[in-house]
Amino acid sequence: MITRRNSLSLIAGAASAAILPARAFAQQGIDLSPEQPGRPRAQIDEAAVKLIAKDAKFAKDGVFTVANNTGRFPFGGYASDTKTIIGAEPDIAQLVADALGRKLEVIPTAWADWPLGVTSGKFDAVISNVTVTEQRKEKFDFSTYRKDLLGFYVKKDNEIVIREPRDVAGLKIIVGAGTNQEQILLRWNEANLKAGLKPVDIQYYDDDVVLYLALESGRADAYLGPNALLSYKAARENKTRLAGNFSGGWPILAEIAVTTRKGAGLAEAITQALNTQIKNGNYAKVLARWNLSAEAIDESRTNPPGLPKA
């Protein structure tokens, strides 16, 4: 049965905003200073610079301008000064900017606004957990840098293991409405019903506080969402654990990419810059400091310029 619960109040909803998690993480030793002294930096990558197309146009001279949703850590959020954008995605953006010999400017952007911003030239790129899809390839070029990984998270003492569709039969699963993971869960449920298995009780919550209360109280068995977000929260609060992972492109693999306008002449250079950072270890340092190592791309694999694996 599919149910829906609304948020309890605006006050409760504020607990899921970027600033409040930042304060909580700061108390646990996570560096949320605007200076970010531990952020890895890169040397200019001459091979990458040479790959910038002669007719490529940047939004600003000498600057690599990047859009970021700044929605949640570890992807991106605000530092303790409440104005500086930090996180794993800004760290990746910094490495690319350094490699291209340009200053970095990160612009907070609503998720719905990044496509127009990139195609219009307002931004050079968006680095904000964008998944490569066949439909997006029609308008954008991609330079992949992280696996798109989803995860089922359960209460820490819950022994559930989820590896395949039949494992969710009869469970109460929380998922975000209108998300890619919801579509996958619905397909799993449909397959289970055809196989004569019990249906999934799919639950929707508009508020993270209420959502996690449902997990803690047993009203829900598991929460399916982006692994990076949920693993970061699990590591910081020690109340939930991973019960199973699978690709965000299930049943095929999917990856997250730096996204630029199709034909802008930047994808090959960005790809080269990222590959260099993967090889020299800076990439691994970024993912490790934000608890994203599980989503690391294997450094032995090749990232074809403008044509990432998906």
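The values are calculated or read from the model by the stated rules, or taken from the named source; none is laboratory data. These numbers come from a predicted model, not from an experiment. Cβ atoms come from the backbone with ideal geometry, glycine included; neighbour counts cover every protein chain shown. Just so you know, the surface numbers come from the protein's heavy atoms only, side chains and all, with ligands and any DNA or RNA stripped out. Shrake-Rupley method; radii C 1.70, N 1.55, O 1.52, S 1.80 Å.
Quick notes on this one:
- Filter pass, Ile127 being in contact (Cβ under 8 Å) with a residue 40 or more places away in the chain, over 28 Å from Asp61 (Cα atoms) and open to solvent by less than 50 Å² (accessible area, probe 1.4 Å): no
- Residues in the stretch 161-172 that are among the aliphatic types (A, V, I, L, M) and either modelled with pLDDT under 95 or open to solvent by 50 Å² or more (accessible area, probe 1.4 Å) (or both): Val161 only.
- Residues in the stretch 74-109 that are part of a loop (DSSP other than H, G, I, E, B), open to solvent by less than 30 Å² (accessible area, probe 1.4 Å) and not small (Gly, Ala, Ser): Pro74, Phe75, Leu100, Thr109.
- Positions within the stretch 234-258 being part of a loop (DSSP other than H, G, I, E, B), under 20 Å from Phe73 (Cβ atoms) and open to solvent by 20 Å² or more (accessible area, probe 1.4 Å), in sequence order: Asn238, Lys239
- In the set (1) closer than 26 Å to Glu216 by Cβ; (2) in contact with a strand residue (DSSP E or B) (Cβ under 7 Å, 6 or more places away or on another chain), Glu159 fails one condition alone, (2).
- Complete set of residues in the stretch 173-207 that are under 17 Å from Leu150 (Cα atoms), charged (D, E, K, R) and surrounded by 14 or more Cβ atoms within 10 Å (Cβ to Cβ): Glu182
- Checking each residue of the stretch 286-304 against the condition of being under 27 Å from Gly77 (Cα atoms), modelled with pLDDT of 95 or more and open to solvent by 10 Å² or more (accessible area, probe 1.4 Å) gives no match.
- Once the stretch 208-225 is narrowed to residues that are more than 22 Å from Leu149 (Cα to Cα), outside any loop (DSSP other than H, G, I, E, B) and of a type outside the set (A, V, I, L, M), the residue that is farthest from the chain's Cα centre (by Cα) is Ser217.
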